[in-house]
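Comments concern the structure below.
The values are calculated or read from the model by the stated rules, or taken from the named source; none is laboratory data. The model shown is predicted, which means the values in this text are computed figures rather than measured ones. Here Cβ is always computed from backbone atoms with ideal geometry, including for glycine, and neighbour counts include all displayed protein chains. For accessibility, only protein heavy atoms count, side chains too; no ligands or nucleic acids. Shrake-Rupley method; radii C 1.70, N 1.55, O 1.52, S 1.80 Å.
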Amino acid sequence: MRRLGLTTVLGLFLAFFGLAPSASAADPAPAGLTFATDAATTTPGGTVQLSMTLTNNKTYDVLFVYQTIEPTWLTTQRPDLKYSFTGCTLATASGSTPCAGTGPSNLGTNYGATIPPGQSRTVTLTLQVAADSGCNGNIGFYSYYYAEFSDTTNTSGGPVFTPETRVLCA
């Protein structure tokens with residue numbers, strides 16, 4: 001009984017001074033990047049819309065974003081698959097607006113930072129498969145990102161993979 005009393009007093013002391021471990025769920029990443037496509041398949045000459053959504057999970061604004069997008073290793077092993085990014089739009093409350101650039105470059109400026117806490121920005125790239133592209137292969141990409149917040153902290157993440165698009169023979 002004496003040991004139980006000592007343990008209880010010690011536990012209350014630690015809890016009172018904030019030294020006891022707390023039982024809480026894992027915090028979400030400060031910023032999260034997700035991908036989606038409007039179609040899982042296409043044919044040579046077709047297009048697929050690749051949407052990228054950056055979510056600010058912090059209580060401070062995202063002030064700056066740097067993001068890359070590169071083909072996966074398996075995609076690079078199929079040189080007969082021909083494709084390019086031909087368009088880029090940023091979804092806004094008043095509709096879509098064109099982006100600053102497309103392709104494997106700094107895509108971060110396309111998000112229109114500042115991104116307030118709890119909000120997201122979605123950028124959609126148009127993936128154009130060439131008419132003379134090979135078929136029966138998958139096109140996929142991966143991305144790394146870096147974000148800076150108004151509290152002078154930063155975060156980075158990746159690789160984040162896109163859904164693959166299967167190029168079917170016509």
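Given the structure, is residue 34 open to solvent by 20 Å² or more (accessible area, probe 1.4 Å) and either in a strand (DSSP E or B) or not small (Gly, Ala, Ser) (or both)? For residue 34, the condition - open to solvent by 20 Å² or more (accessible area, probe 1.4 Å) and either in a strand (DSSP E or B) or not small (Gly, Ala, Ser) (or both) - is met. Do we have any residue at all in the stretch 93-100 that's among the β-branched types (Val, Ile, Thr) and surrounded by 13 or more Cβ atoms within 10 Å (Cβ to Cβ)? Among the residues of the stretch 93-100, not one is among the β-branched types (Val, Ile, Thr) and surrounded by 13 or more Cβ atoms within 10 Å (Cβ to Cβ), which makes the answer no. The single condition among (1) open to solvent by 60 Å² or more (accessible area, probe 1.4 Å); (2) in a strand (DSSP E or B); (3) out of contact with any helix residue (DSSP H, G or I) (no Cβ under 7 Å at 6 or more places or on another chain) that residue 79 does not meet is (2). Here residue 69 meets the list (1) part of a strand (DSSP E or B); (2) under 16 Å from the mean Cα position of the chain (by Cα); (3) modelled with pLDDT of 90 or more almost entirely, failing just condition (3).
In summary, residue 156 fulfils each of the numbered conditions (1) in contact (Cβ under 8 Å) with a residue 24 or more places away in the chain; (2) under 27 Å from residue 30 (Cβ atoms) with the single exception of condition (1). Residues in the stretch 123-157 that are under 28 Å from residue 97 (Cβ atoms), open to solvent by 40 Å² or more (accessible area, probe 1.4 Å) and outside any loop (DSSP other than H, G, I, E, B): 128, 142, 144, 146, 148, 154, 156. There is no residue in the stretch 140-147 that is under 16 Å from the mean Cα position of the chain (by Cα) and at positive phi. Within the stretch 116-139, being over 20 Å from the mean Cα position of the chain (by Cα) and among the small types (Gly, Ala, Ser) holds for 130, 131, 133, 134, 137.
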